[in-house]
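Scroll down for the structure; my scribbles are underneath it.
Please treat every number below as a calculation from the coordinates, not as lab data. Treat the numbers as computed from the prediction; the structure is a model and nothing was measured. FYI the Cβ positions are ideal-geometry reconstructions off the backbone, even for glycines, and counts take in every protein chain you see.
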Amino acid sequence: MKSQLFIAFRLTLTLLVLCCVAYPALVWAAAQLAPGRGEGVQLSRQGRLVGFANVGQKFDKPQYFNSRPSAADYHADASSGSNKGPSNPEYLAQVKARLDTFLVQNPGVKAADVPAELLTASGSGLDPHLSPQGALVQVARVAAARHLAPAQVQALVQQHVEAGLLGPDKVNVLQLNLALDALAPAGR
Amino acid sequence: MNKELLGILVIFGSTVLLAVPLGRYLATVYRGDKSWSDFLGPLERLIYRLGGVRPEREMSWQQHLVALLTINLVWFIWAMFVLCTQGSLPLNPDHNPSMSPDQAFNTAISFLVNCNLQHYSGESGATYFSQVFCLMFLQFVTAAIGMAACVVVFNALRDRTTEKLGNFYVYFLKSITRVLLPIALAVALVLVFQGTPMGWAGKAPLVTVQGDSTFVSRGPVAAMVAIKELGTNGGGFFGANSAHPLENPTYLTNAVENFALVLIPLALVFAFGYYIKRPRLSYMVFGVMTVGFLMLLAPTVYYETHGNPAIAHMGADQRLGALEGKEVRFGAAASAYWGITNTVISCGSVNSMHDSHMPVSGMAELLGMMTNAFYGGVGVGFLNFFVFVIIAVFISGLMVGRTPEFLGKKIEAREMKIAIVVALLHPLLILAGTAMAAHLYVGNPTAYAGWLANPGYHGFSEMLYEYTSASANNGSGFEGLGDNTLWWNISTGVVMILARYLPIIGPVAIAGLLARKKYIPESAGTLRTDTGTFGIMVFFVIWIIAALAFFPALALGPLAEHFTLYAR
């Protein structure tokens with residue numbers, strides 16, 4: 001037992017060097033060649049950091065494509081889902097309220113056109129994406145708020161649809177909104 | 001929708017295809033035969049010398065267990081020290097505080113036993129030092145412990161009579177140098193090139209496009225995520241685990257992470273057959289495990305992709321599935337596949353919030369952890385399955401009136417007693433823990449109001465899930481549970497310890513006892529264990545012991561919720 005304890009102690013020190021110094025150092029070195037150099041892929045506009053490409057941010061103003069509801073309110077230092085169960089009455093009332101609000105803010109849209117992700121909070125609270133339908137259903141509102149032709153905004157959405165070989169099609173909301181601002185500056 | 005289903009088919013198919021050659025490689029490495037990875041020999045010899053290990057010294061099963069438990073004790077002390085003082089240690093750019101003693105106890109145990117239940121959020125509850133030097137360290141070594149214990153059992157089941165079962169430290173170290181480190185490195189490289197951070201800067205302040213102020217947490221994420229999956233640990237860098245867009249940024253990383261966590265448990269099944277030179281036995285084990293896995297996967301994919309009926313009732317479009325707690329980039333099908341693979345295998349990382357899954361999916365996830373042998377965690381999954389095989393051999397031996405034998409060794413009363421204690425421990429821990437928690441809650445719902453995020457049946461499921469996850473050493477949660485309290489930290493901590501070490505000690509002891517017995521060559525009177533018939537027998541033993549024991553609890557939680565939700 002005593003000799004085993006001695007071995008355990010020395011082996012632990014050795015493995016700390018192998019697994020916790022050498023291995024992370026290798027991964028870190030490789031990351032220096034990767035996009036973002038290991039600090040997250042950052043997006044800047046006119047020299048100012050405006051976001052991380054993979055991290056969703058809050059968009060709830062009418063002139064932007066709105067991102068999904070978030071249990072973390074898009075605070076990217078406190079990721080979290082809602083953890084609401086599917087039959088929780090309080091939760092279902094909240095979903096209903098989101099649907100009603102969306103229909104008021106987007107006149108002319110029918111409930112059956114509102115896809116699931118616009119009514120539900122994501123797992124991380126930082127979901128950067130919408131489904132293509134989730135963006136398209138907002139085109140009329142965004143176009144009106146920016147005095148643009150709906151067809152022009154719709155074409156912009158279509159350009160931003162990412163369709164892989166496998167898995168769902170999606171739209172990165174931050175990149176879509178940055179492109180939208182480039183097309184017609186916000187706030188007017 | 002078809003692209004989503006095709007996605008999970010591709011992930012599962014590629015995992016099985018790669019697990020077979022990896023299994024053959026593992027058998028070669030553990031037998032000590034010549035292999036292409038022998039160039040690592042000098043490094044291993046250096047580590048033996050630094051550690052004071054004499055690799056040629058063979059050990060009895062008792063010596064194996066002493067070595068295993070001693071080194072675990074050293075790690076526990078190291079983990080407690082780091083977690084209780086992390087606030088004052090280096091590599092803490094976000095100035096996160098040290099853990100309270102009960103939270104540190106829970107976290108230390110949790111990572112020590114390969115469970116990775118997390119009663120903290122990585123962004124604010126851990127530092128880069130504790131993430132790398134404590135938590136990630138344990139993710140490597142505890143996975144290797146499970147593999148080493150598994151190899152001791154492999155060795156004991158060879159056709160000979162012996163006390164000597166190889167050297168524990170050799171199995172342990174080879175698991176790290178020949179398997180875990182190289183594959184983790186490959187996975188981590190995919191992750192960093194897909195955008196997962198691997199740096200040391202603190203969280204970045206950010207003013208968003210529409211003008212809100214926030215921070216974005218970062219850190220040495222990629223290195224940890226790779227081994228978290230590969231070692232079936234599951235403890236994530238961030239609070240949201242693999243749902244977090246920096247921990248799991250794309251569909252490709254999701255596929256690679258999901259592949260990594262299934263790979264070694266599957267490969268060990270094939271390694272067993274190659275190691276003892278009876279590959280047919282491996283096919284039987286793989287077949288039983290896969291049938292069990294698919295029976296849990298199919299309903300989960302169905303219910304998750306069909307959406308929440310209560311939301312469909314409001315008139316909204318549910319064609320993308322039930323998306324509460326899910327990420328758009330993965331979709332409902334890949335989230336369901338992830339949920340089931342992470343619960344049948346005791347990894348317990350999440351890419352969607354299980355608390356928000358449909359009731360039947362939640363039940364399938366619970367059943368995955370309750371059986372804990374349909375693939376199971378690295379090493380320990382096979383050990384759990386081995387216990388069920390022993391029981392099945394004994395029962396079928398009695399049924400057909402033959403002496404119960406497994407691989408030429410008689411199964412007698414002593415082995416059976418150990419197997420039954422191990423098999424029944426799991427239901428006991430889960431049901432007793434849940435019963436006590438439910439009793440406390442019902443006795444004083446206002447004092448414990450912070451425990452449950454959801455009322456009614458689902459609230460009960462949250463408590464049941466927590467103990468099931470602790471006892472299965474899984475680590476996922478119905479995370480609505482307010483679990484960073486003295487009660488949950490200590491009670492799940494105790495459950496995790498018992499549920500880790502007894503299911504390792506038991507099978508190693510059985511195998512050690514069998515190895516000492518006289519080898520009886522196969523004859524016409526031998527009960528064949530590599531046949532479909534015997535596979536069915538094992539399946540039903542698992543189903544009766546591990547699943548039916550929980551039926552009343554499941555009826556109170558997820559089943560009651562399901563029928564309420566779909567009744568309208």
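Tabulated values for the structure
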{"quantity": "Residues whose placed amide H lies under 5 Å from that of B:His306, excluding near-sequence neighbours", "calculated": "B:Ala322"}
{"quantity": "Neighbourhood net charge (14 Å Cβ-Cβ; Lys/Arg +1, Asp/Glu -1) for B:Phe259", "calculated": "-1"}
{"quantity": "Label-point gap, in nm, between B:Asp212 and B:Ala298 - each point 7 angstrom along Cα→Cβ", "calculated": "4.3 nm"}
{"quantity": "Distance between the stretch B:246-276 and the stretch B:22-58 - C-alpha centres, whole angstrom", "calculated": "22 Å"}
{"quantity": "Spin-label model distance (nm) - B:Glu412 vs B:Val442, 7 Å beyond Cα toward Cβ", "calculated": "4.6 nm"}
{"quantity": "Charge dipole of the protein assembly as shown about the Cα centre (unit charges at C-beta), most positive-ward option of B:Ala449, B:Leu89, B:Tyr120", "calculated": "B:Leu89"}
{"quantity": "By average C-beta atoms within 10 angstrom, highest first, the peptides A:93-102, B:248-257, A:78-87, B:305-314", "calculated": "A:78-87, B:248-257, B:305-314, A:93-102"}
{"quantity": "Highest average packing first - B:32-39, B:279-286, Cβ atoms within 10 Å", "calculated": "B:279-286, B:32-39"}
{"quantity": "Scattering curve values for the protein assembly as shown, log₁₀ I(q)/I(0), Debye with Cα scatterers, q = 0.11 Å⁻¹", "calculated": "-1.15"}
{"quantity": "Karplus-derived HN-Hα couplings along the stretch B:270-283 (A = 6.51, B = -1.76, C = 1.60, θ = phi - 60°), whole Hz, x at Gly and Pro", "calculated": "6, 4, 4, x, 5, 5, 8, 6, 9, x, 4, 5, 4, 5"}
{"quantity": "Shielding by partners, peptide B:325-338 (average Cβ within 10 angstrom, other chains)", "calculated": "6"}
{"quantity": "For the stretch B:417-422, Karplus couplings with θ = phi - 60° (6.51, -1.76, 1.60), whole Hz, Gly/Pro x", "calculated": "4, 4, 4, 5, 4, 5"}
{"quantity": "Cβ-based charge dipole, the stretch A:40-183, positive-most Cα from A:Ala145, A:Phe52, A:Ala76", "calculated": "A:Ala145"}
{"quantity": "Over the stretch A:40-183, relative contact order from alpha-carbon pairs under 8 Å, at least 6 apart, %", "calculated": "26 percent"}
{"quantity": "5 angstrom amide H check on A:Ala76, placed H, neighbours 5+ away", "calculated": "B:Phe215"}
{"quantity": "Hydrodynamic radius (Kirkwood) for the stretch A:1-135, which is based on Cα pairs only, to one decimal in Å", "calculated": "18.9 Å"}
{"quantity": "Rounded to the nearest 20 debye, dipole of the stretch A:40-183 from Cβ charges on Lys, Arg, Asp, Glu", "calculated": "260 debye"}
{"quantity": "Size of electric dipole in chain B: Cβ of Lys, Arg +1 and of Asp, Glu -1, about Cα centre, debye, nearest 20", "calculated": "2180 debye"}
{"quantity": "Total charge dipole magnitude, the protein assembly as shown, about the Cα centre, Cβ charges on Lys, Arg, Asp, Glu only, Debye to nearest 20", "calculated": "1940 debye"}
{"quantity": "Estimated 222 nm signal from helices in chain A, with DSSP H stretches of n ≥ 4 weighted -39500 (n - 2.57), rounded to 500", "calculated": "-12000 deg cm²/dmol"}
{"quantity": "Value of relative contact order over chain B, rounded to a whole percent, pairs C-alpha under 8 Å and six or more apart", "calculated": "19 percent"}
{"quantity": "For A:Gly40, distant residues with modelled amide H under 5 Å away", "calculated": "B:Met198"}
{"quantity": "Centroid-to-centroid separation of the stretch B:422-447 and the stretch B:470-495 [C-alpha atoms, Å]", "calculated": "12 Å"}
{"quantity": "Residue-span extension gain [B:Ala201 to B:Ile544] - 0.36 nm each, minus C-alpha spacing", "calculated": "118.3 nm"}
{"quantity": "Phi-based couplings in Hz for the stretch B:435-449 (Karplus 6.51, -1.76, 1.60; Gly and Pro marked x)", "calculated": "4, 5, 5, 5, 4, 4, 5, 5, x, 8, x, 6, 5, 9, 4"}
{"quantity": "q = 0.10, 0.12 Å⁻¹, chain B: log10 I(q)/I(0) [Debye, one scatterer per Cα]", "calculated": "-0.81, -1.18"}
{"quantity": "Proximal lysines to A:Lys110, defined as alpha-carbon separation beneath 22 angstrom and excluding residues fewer than eight positions away on the same chain", "calculated": "A:Lys61, A:Lys96, A:Lys170"}
{"quantity": "Taking B:Ser88, B:Ser469 and counting other C-beta atoms within 10 Å, the order from fewest to most", "calculated": "B:Ser88, B:Ser469"}
{"quantity": "Positive-pole candidate from A:Val161, A:Gly125, A:Gly108, dipole of the stretch A:13-166, charges at beta carbon", "calculated": "A:Gly108"}
{"quantity": "Inter-site label distance for B:Ala449 and A:Gln105 at 7 Å from Cα along Cβ, in nm", "calculated": "3.1 nm"}
